[in-house]
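Chemist: Structure in structure tokens, see below.
The values are calculated or read from the model by the stated rules, or taken from the named source; none is laboratory data. If you're wondering where the values come from, they're calculated on a predicted model, not measured in any experiment. All Cβ positions, glycine included, derive from the backbone under ideal geometry; neighbour counts span all protein chains shown. Side chains are part of the model used for accessible areas, which takes the heavy atoms of the whole protein and leaves out ligands, DNA and RNA. Shrake-Rupley method; radii C 1.70, N 1.55, O 1.52, S 1.80 Å.
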Amino acid sequence: MGQKINPLGFRLGTTQSHHSIWFAQPKKYSEGLEEDKKIRDCIKNYVQKNIRISSGMEGIARIEIQKRIDLIQIIIYMGFPKLLIEDKPQRVEELQMNVQKELNCVNRKLNIAITRISNPYGHPNILAEFIAGQLKNRVSFRKAMKKAIELTEQANTKGIQVQIAGRIDGKEIARVEWIREGRVPLQTIEAKIDYCSYTVRTIYGVLGIKIWIFVDEE
């Protein structure tokens, strides 16, 4: 059982669905994949540049892309959508223009929608951003992990596991530290588990953060 598998890929078709929904011929598949990466990078870069938040969090949980012949529908799931919407109404239009420029899509319409998620700290991506912000501010990694677990408990989850790897606290030798609270049944396919891996650049080097959140059993 030592072979590691991505918990989301493991559960595709049961509790997890694809983040990109489109069809392509085998020869065109790689182009579609690159296009998806461009869209996601473009949105994340725009949000990073234009949003000045004290914690430095983007608050993007996930980006779903649905493609048809003449339309690209992008749904951004955000924990704190007011950062993008309430500040300036034209922000979304500007973002749409940026993505269109990046893709150079002439004969396809682009549509961007923003959806709010109810418990932002119950989502691993937003939690990983929170931990990354704490580590950049030289907060002790154990304190950051415990604070993240406290935030998740408020979001009514059944269990969480957080793992940080790299030169933690600037030590010479890289190591892996982890902490678990509640149940995280990774072998059970019926268990709905949210997972993300996130890299954070600190002054000592790159640290990797992995988070597993056990939401509920189907």
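Chemist: Pairs needed: first member in the stretch 63-90, open to solvent by 90 Å² or more (accessible area, probe 1.4 Å); second member anywhere, among the aromatic types (Phe, Trp, Tyr) and at pLDDT 70 or above; C-beta distance under 9 Å; at least 6 residues apart or different chains.
Modeler: What qualifies is Arg68/Trp22.
Quick grid of which residues meet (1) of a type in the set (Lys, Arg); (2) open to solvent by less than 60 Å² (accessible area, probe 1.4 Å); (3) under 28 Å from Glu94 (Cβ atoms):
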| site | (1), (2), (3) |
| --- | --- |
| Phe10 | no, no, no |
| Thr14 | no, no, no |
| Ser20 | no, yes, yes |
| Phe23 | no, no, no |
| Ser30 | no, no, no |
| Ile39 | no, yes, yes |
| Cys42 | no, yes, yes |
| Gln48 | no, no, yes |
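Chemist: So the check is Cβ under 8 Å with 6+ separation or different chains; which pairs have a first residue in the stretch 136-149 that's outside the structural domain of Ile209 (by the TED database) and assigned to a helix (DSSP H, G or I) and a second one that's open to solvent by 100 Å² or more (accessible area, probe 1.4 Å) and of a type outside the set (Ser, Thr, Tyr)?
Modeler: none
Chemist: Is there a residue in the stretch 181-195 that is part of a helix (DSSP H, G or I) and touching a strand residue (DSSP E or B) at 6+ places or on another chain (Cβ under 9 Å)?
Modeler: From the stretch 181-195, those part of a helix (DSSP H, G or I) are none; that's our starting set.
Taking every residue of the stretch 181-195 in turn, none turns out to be part of a helix (DSSP H, G or I) and touching a strand residue (DSSP E or B) at 6+ places or on another chain (Cβ under 9 Å).
Chemist: Considering each of Glu102, Glu153 in turn, give the residue that is assigned by the TED database to the domain that holds Gly205 and either in contact (Cβ under 8 Å) with a residue 24 or more places away in the chain or crowded, with 21+ Cβ neighbours inside 10 Å (or both).
Modeler: That would be Glu153, the only listed residue that is assigned by the TED database to the domain that holds Gly205 and either in contact (Cβ under 8 Å) with a residue 24 or more places away in the chain or crowded, with 21+ Cβ neighbours inside 10 Å (or both).
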